[in-house]
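Quick note: the coordinates plus some simple rules give every number you see, no bench work behind them. Everything quoted here is computed from the prediction, not taken from an experiment. Cβ atoms come from the backbone with ideal geometry, glycine included; neighbour counts cover every protein chain shown.
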């Protein structure tokens, strides 16, 4: 079975070659764009994998996993056609970059569905926003490869904007999501312990399961955190 980090490892090797050898003749901005495509993106794909996906989300996710590496290779070919092979034709490099634009559009679509499905959870909204940011970065990248001036923005600035949306604007929501998830989990666990100790609401395993279902958290997960936070054995046992 293929290791889940295998695409990121292969991408890291490709990125190392790009950063090390002068054959590609890429600028530092373009090298970081390739790093985002080959290394960061596979890790993001692992992050958004969720067992609670709807059927439509599962279809989009399967397309995302299948199309990522071909789209990243075409993105690399797009830069090489302009810088390494010096074709001098922005139409070729721009056309090759459309594969990455399509891929980031699928990410944005998945992120939008995630926001609509989990709109009550700030951590899911943050991840959904992150995926939409990638699409904005894909738009800027395509504009750069076509050498188009958009809103009086120079193509070089378009490349900088693409790096911005592939890195800071996409990675920051990850930390927001993880922080919100842990804070939410801990606060809910404290509420459960407070109720069970002072008000006697949790009398048996069935009442525990009912309350935990209202908190939208797995039973075993709550038990672990309750034990960690309070040092007291949880009420009931999971099977």
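The calculated P(r) of the range 10-92, using every Cα pair and 5 Å bins from 0, goes 3, 14, 22, 20, 14, 11, 8, 5, 3, 0 in percent. Rg/Rh for the range 86-133 stands at 1.28; both radii use Cα atoms, and Rh follows the Kirkwood definition. Dividing the Cα radius of gyration of the range 6-166 by its Kirkwood radius returns 0.99 for Rg/Rh. Taking label positions 7 Å along the Cα-Cβ direction at both residue 50 and residue 122, the computed distance is 1.7 nm, reported to one decimal. Packing order of peptides 132-142, 106-116, 84-94, highest average first: 132-142, 106-116, 84-94 (average count of other Cβ atoms within 10 Å over each peptide's residues).
In units of the compact-protein estimate 2.2 N^0.38 Å, the range 2-47 shows a Cα radius of gyration of 1.18.
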